[in-house]
Each structure stands twice: as C-alpha cells, then as structure tokens.
C-alpha cells in the first residue's frame, strides 16, 4: 500500500523568502511522485512529477523538488515566494506502472505575507 | 484544445436522493478517474474507467457507480446520498499508458 505524509497543514512565508513544503511517502514498489497546486474553488494543476529519471525535478512557476530514496522524501521548494503562490499544495504518489490511481496527502496551505 | 470539463459546477441535494455528475476528458485521453475531496482533505480515488469498463476501484461503497461512454466521457452516480457525501468531486483524464492525470475544475456537491 502507498501513503503520503505532508508535514505541516499550514506554512506561512514572507514574500521573497524560501518556500519549503515537505512530503514523505511510503511505497512497496518504485514510485512515481507528483506535486499538485489547488487555487480556491478550482481543480488541481500539476506542478511537477518524478518518474524515475533525474532526481531533481523542475516544474512550473519556479518550483522544484528532489527525490531522495534514502529519506523517502520529495520536498517541494521555491527560492523566492510570490504572492500568487498562495494556494493549497498536494503531494501524491502512484505506482510506476502507468495510469495507476494517485494517493494524495492531506495538503499544505501556503500563505505568503507581503 | 479544451481541457477536462465537468458539469454541473455546483449541486445541492437532499439526503436519500440520487445524483449524476458528468465529465468530458481532455482531447485524446481515453482513461477517466474520479476522486472525492472532502473539505480540508486530499482527494481520494473512487474509480477509474477505461474502454467503458471500471478498471480499478477505491474504497467506496456500491452507492457510488459510474459509466464511460464510447466518446470517453464519463458519469459518476451516487445513490442514497448521505450528509458525508458532501465534497468536491474531481474528474481526471489521461492517455492509457501515461502516469500524468489532468484534472477538471470539479463539481461541488452539498447534501442537506
């Protein structure tokens, strides 16, 4: 069985500060890992994904994440927060066999303070 | 190219009623998955349809059923609605061999 733990249900940063959202996963098979963003009253938008290629993955809007197998982690970072980054962020895992269901964490709400 | 579309946007139903939600996948996508997102939670997988058949199912009761049409669009049906069914229902589509799922804007269901 697979699971995702997102540490911190709410993270608050100042505009221009580093964003770090934590995600740890559990999987009995090689995983695919994803970060999605959800703005209020909207669906999910894919930020980036890890599918067993490079361990450092770059996504949209300046976000990146590093897959660390030894730590079973896939933390999301952005060097400088922007007001428009305020949203809910979800980490998800699936089996690396194509089109398997996504298992999501509970999400982390990011607030950006001016 | 239109992305994943869902209808209706919002819906209010009474306990015990039945509801049907609709989803049109992104062009070229033949696989549709449905997720339930309760308030303050991450989405939970309900089921996935491919070639008009339910291919995988999450831990949801039989009150939740679905259908996929030859044009790959899909419906989610929920019978005997409970208050706990109030949630955002998300549809996601993907090409069969791909791990990447594209999500629609969701349908907000409120059960009173």
- Given the residues B:48, B:41, which is the only one that is in a strand (DSSP E or B) and at the interface with chain A (Cβ under 8 Å from one of its Cβ atoms)? B:48
- Filter result for residue B:108 (in contact with a strand residue (DSSP E or B) (Cβ under 7 Å, 6 or more places away or on another chain), at pLDDT 95 or above and within 11 Å of another protein chain (Cβ to nearest Cβ)): yes
- Query: In the stretch B:70-90, which residues are in a strand (DSSP E or B) and buried (at least 20 other Cβ atoms within 10 Å of the Cβ)?
  - Reply: B:74, B:76, B:78, B:87, B:88, B:89, B:90
- Message: Step by step: first the residues of the stretch A:5-55, then only those that are farther than 24 Å from residue A:81 by Cα and modelled with pLDDT of 90 or more, then the one that is surrounded by the fewest Cβ atoms within 10 Å (Cβ to Cβ). Which residue is that?
- Response: A:26
- strands (runs of 3 or more DSSP E) enclosed by the stretch A:16-114 - at least 2 residues per element that are within 16 Å of residue B:90 (Cβ to Cβ), within 11 Å of chain B (Cβ to nearest Cβ) and touching a residue at least 24 places away in the same chain (Cβ under 8 Å): A:31-38, A:87-95
- Task: Of the numbered conditions (1) more than 10 Å from the chain's Cα centre (by Cα); (2) away from chain A (no Cβ under 11 Å); (3) under 27 Å from residue A:35 (Cα atoms), residue B:22 fails exactly one; give the number of that condition.
- Result: (1)
- Please state which one of B:86, B:27, B:33 is farther than 17 Å from residue A:44 by Cβ and modelled with pLDDT of 95 or more. B:86
- Query: Mind checking which residues of the stretch B:37-59 are without any contact (Cβ under 8 Å) to a residue 60 or more places away in the chain and closer than 11 Å to residue A:106 by Cβ?
  - Reply: B:38, B:40, B:41, B:42, B:43, B:44
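The values are calculated or read from the model by the stated rules, or taken from the named source; none is laboratory data. Everything numeric here is computed off the predicted structure, so don't read it as measured data. With ideal geometry, Cβ positions are generated from the backbone for all residues, glycine too; neighbour counts draw on all protein chains shown.
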